[in-house]
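Engineer: My questions will all concern the structure given below.
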Amino acid sequence: MSEAPAIHAARTVLVGVTGGIAIYKAVELVRGLVKDGFRPLVVTTEAAQRFVMPLTFAAVSQAPVLDDQSAWQSSGGWFQHIEAARTASVMVVAPATANTLAKMAAGMADNLLTAIYLAFRGPVIVAPTMNWAMNEHAATRENLRVLAERGVEVLPTEEGELACGEEGSGRMASPDVIRLAVRRALASAAAGPLAGKKIVVTSGGTRERIDAVRFIGNRSSGKMGRAVADEAYLRGARVTLVTTQPVEGPSYDVVRVESADEMAAAVGEQVRDADVLVMAAAVADFRPKDEQAGKIERGARESLTLELVRTVDVLASTARPGLFRVGFAAEAGPRLDRARAKKAAKGVDLLVFNDILAEGVGIGSDENEITILTPNGEVHVPRTSKTACAAAIADQIEAGLER
Ligand code: CTP
């Protein structure tokens, strides 16, 4: 994740930290929130302090840490929970243990953290973490259901090896996922035209199988599509990312595909009830006619000829009234003329042009320079982060949806 928009500057985020082994990730989360331009206000439980000294959080958050001790000792201590609840824009509990989640669901306020939760009126996000069996227990499931029903955003746990040595679902969402959820909680308060809309975004380069081990692929990193998906998620959209790339701890639905045919099938299925399609993926135009069984052997061959056939044009095949479509044109050179022709040929609402030969931008890079072709003219976005490019694209989608 790169820079955050300035609108978040100086907003206070209450970070409730409870006693789970994933607490080391909370340190990284607090650092990340500072980088995003927030003022984290950390409140820990007694159990949390057995894992990490408050000094660590004070250092990374650049602010004193609130805990049960400080609540009783300071002069205005009785009202510390009310004061903290008043100053913050959003509250996130990470890691959230089964015990704290149970207290939150029951409305208990026997420590500073749970008292602040009860007194807080803004959006609340929890990132549970626990052993898989505790996570599956009917009591935990019920507590999480109750919290979700009351509007708390419950970030899903991840599958994998747990601190107890067992495998299962119980790992805390990554700090990046939590940071994105914090930004979304604040951004969706200012609901724009993308809020609640279903947007399907594609990303990455497809792989067309030659045989059991080889494929024809391209160098697309999937970063531009991922940035658009993140931006749409931040604006409150219901996002489905159809991608050829692994996505760590996604905040939204992800459908993994490999080939152009698989991408066509997945997109076809997903756009049925979608409002917007953004085709940022680098889809192969040709694939081997037949996938060879096993592995093609070199043997005595001096050359090898592959017969390639055209793939389906996913973008062109998804045209229907009511679906706002965005295409990309990565051209070798400043070929805006080709991009304009492509926009007309594919009948898209927006076309995002970039020159893959331009220095330091495009494939694999974190930066891009784009021109967005819209029905009302062309918007040039000079070289900047892919995050900023994604925001410019989302602005144009929102403008288009309002037309
Ligand atoms: N696209 C697609 N399905 C394909 C090929 C491309 O949906 N089989 C989409 C891309 O995701 C992109 C847009 O079409 O949004 C333009 O892709 P591009 O490769 O630039 O154009 P092509 O249609 O392949 O034309 P050409 O190769 O002649 O430039």
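Engineer: Would you point out the residue of region 195-208, among those that are away from the ligand (no atom under 16 Å from the Cβ) and at negative phi, that is modelled with the lowest pLDDT? Give the derivation first.
Structural biologist: Filtering region 195-208 down to residues away from the ligand (no atom under 16 Å from the Cβ) leaves 195-198.
Now narrow it down to the ones that are at negative phi: 195, 197-198.
Numbers: Ala195: 90, Lys197: 96, Lys198: 98.
That would be Ala195.
Engineer: Considering every residue within region 276-296, establish whether at least one is crowded, with 21+ Cβ neighbours inside 10 Å, more than 10 Å from the ligand (Cβ to nearest atom) and in the same structural domain as Gly225 (by TED's automatic domain parsing).
Structural biologist: Of the residues in region 276-296, the ones crowded, with 21+ Cβ neighbours inside 10 Å are 276-284, 287.
When the remaining residues are screened for being more than 10 Å from the ligand (Cβ to nearest atom), the result is 276.
Among the residues that remain, those that are also in the same structural domain as Gly225 (by TED's automatic domain parsing) are: 276.
Yes, because at least one residue in region 276-296 is crowded, with 21+ Cβ neighbours inside 10 Å, more than 10 Å from the ligand (Cβ to nearest atom) and in the same structural domain as Gly225 (by TED's automatic domain parsing).
Engineer: Just wondering, is there one or more residues in region 335-346 that are surrounded by 13 or more Cβ atoms within 10 Å (Cβ to Cβ), under 23 Å from the mean Cα position of the chain (by Cα) and within 12 Å of the ligand (Cβ to nearest atom)?
Structural biologist: no
Engineer: Another question, then. Just for helices (runs of 4 or more DSSP H) wholly inside region 303-403: which have at least 2 residues that are of a type in the set (Lys, Arg) and assigned by TED's automatic domain parsing to the domain that holds Arg214? Spell out the reasoning first.
Structural biologist: Details: elements: 314-317, 336-346, 386-402.
Result: 336-346.
Engineer: Tally up the residues in region 27-61 that are within 27 Å of the chain's Cα centre (by Cα) and assigned to a loop (DSSP other than H, G, I, E, B), please.
Structural biologist: 3
Engineer: Having 2 or more residues that are over 15 Å from the mean Cα position of the chain (by Cα), closer than 30 Å to Pro40 by Cβ and in contact (Cβ under 8 Å) with a residue 40 or more places away in the chain is the bar; report the strands (runs of 3 or more DSSP E) wholly within region 157-275 that clear it.
Structural biologist: Working: elements: 158-161, 167-171, 198-203, 238-243, 253-256.
It comes to 167-171.
Engineer: Given the residues Val352, Val309, which is the only one that is β-branched (Val, Ile, Thr), more than 24 Å from the chain's Cα centre (by Cα) and within 16 Å of the ligand (Cβ to nearest atom)? Outline the logic, then answer.
Structural biologist: Values: Val352 fails: more than 24 Å from the chain's Cα centre (by Cα).
Answer to the check: Val309.
Engineer: Considering only region 215-230, I want to know if a residue exists there that is at pLDDT 95 or above, among the acidic types (Asp, Glu) and out of contact with any His (no Cβ under 9 Å at 6 or more places or on another chain).
Structural biologist: For region 215-230, residues at pLDDT 95 or above, among the acidic types (Asp, Glu) and out of contact with any His (no Cβ under 9 Å at 6 or more places or on another chain): absent.
Engineer: Would you check which residues across region 95-133 are in contact with a strand residue (DSSP E or B) (Cβ under 7 Å, 6 or more places away or on another chain), assigned to a helix (DSSP H, G or I) and surrounded by fewer than 19 Cβ atoms within 10 Å (Cβ to Cβ) and list them?
Structural biologist: Narrowing region 95-133 to residues in contact with a strand residue (DSSP E or B) (Cβ under 7 Å, 6 or more places away or on another chain): 95-96, 100-101, 112-113, 116-117, 120, 122-132.
Retained after the next criterion (residues that are assigned to a helix (DSSP H, G or I)): 100-101, 112-113, 116-117, 132.
Within region 95-133, just Trp132 meets the criteria.
The values are calculated or read from the model by the stated rules, or taken from the named source; none is laboratory data. Quantities reported herein were computed from a predicted structural model and do not represent experimental measurements. Note that each Cβ is placed from the backbone with ideal geometry, even for glycine, and that neighbours are counted across all protein chains shown.
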